[in-house]
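Structure first, commentary second.
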Amino acid sequence: MLKDKALLKKERKLRIRKRIRKKIKGTPERPRVFVFKSNRYIYAQAINDLDGTVIASACTLERDFRESGKSTKNKEACKLLGERLAQRLKEKNITKVVFDRGIYPYHGRIKILAETLRQNGLSF
């Protein structure tokens, strides 16, 4: 019996996410930066996996991005998002993080976001 294509795709994404999360853990000193892309926006969070808390977050859904009138899902938006997240983490005295790309390959917008975080003083 054939499964629905949407269900197969969902299972594949969960399998990829589990495989990555086996290797990556966030701590209070070195949180995990998780990236999620929707069709319209990009979200990034710094997560402490020991407590299950979000330390800092930034997304292109924020008011500053919407008021600028520019696109919220291109490479320029990822660059601004990386700068904002790095600034918020520096305010909390965090300079080392673990980058979790999620189910997305490391190229394009994900790569731009990671490089911007590195340029703004975070190491991973």
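A few remarks follow.
- Search result, residues across the stretch 47-60 that are within 12 Å of residue 78 (Cα to Cα) and free of Cβ contacts under 8 Å to residues at least 24 places away in the same chain: 59, 60
- Scope the stretch 110-124; condition over 8 Å from residue 79 (Cα atoms) and of a type in the set (Val, Ile, Thr); matching residues: 110
- Selection of first residues in the stretch 1-25 that are within 23 Å of residue 54 (Cβ to Cβ) and of second residues that are aromatic (Phe, Trp, Tyr) and surrounded by 10 or more Cβ atoms within 10 Å (Cβ to Cβ), restricted to Cβ pairs under 7 Å at least 6 apart or on distinct chains, gives an empty result.
- Within the stretch 40-58, one or more residues are within 25 Å of residue 107 (Cβ to Cβ), more than 14 Å from the chain's Cα centre (by Cα) and at pLDDT 90 or above.
- Of all residues assigned to the stretch 90-113, none qualifies as being at pLDDT 90 or above, out of contact with any Pro (no Cβ under 7 Å at 6 or more places or on another chain) and over 20 Å from residue 124 (Cβ atoms).
- Of the residues making up the stretch 61-75, those that are assigned to a loop (DSSP other than H, G, I, E, B) and farther than 10 Å from residue 41 by Cβ number 4.
- Scanning the stretch 12-25 for residues that are exposed (fewer than 11 other Cβ atoms within 10 Å of the Cβ) and either at pLDDT below 90 or under 14 Å from residue 99 (Cβ atoms) (or both) yields a count of 1.
- Number of positions in the stretch 89-115 that are more than 11 Å from the chain's Cα centre (by Cα) and either outside any helix (DSSP H, G or I) or closer than 16 Å to residue 30 by Cβ (or both): 12
- Residue in the stretch 63-75 that is farthest from the chain's Cα centre (by Cα), counting only those that are of a type in the set (D, E, K, R) and loosely packed, with under 12 Cβ neighbours inside 10 Å: 67
- Whichever residue in the stretch 26-46 is touching a residue at least 24 places away in the same chain (Cβ under 8 Å) and among the β-branched types (Val, Ile, Thr) and, among such residues, is surrounded by the most Cβ atoms within 10 Å (Cβ to Cβ): 33
- Residue within the stretch 84-92 that is exposed (fewer than 13 other Cβ atoms within 10 Å of the Cβ) and over 17 Å from residue 113 (Cα atoms) present: yes
The values are calculated or read from the model by the stated rules, or taken from the named source; none is laboratory data. Given the structure is predicted, the values throughout are model-derived calculations rather than measurements. Here the Cβ is made from the backbone with ideal geometry for all residues, glycine too, and neighbour counts use every protein chain on show.
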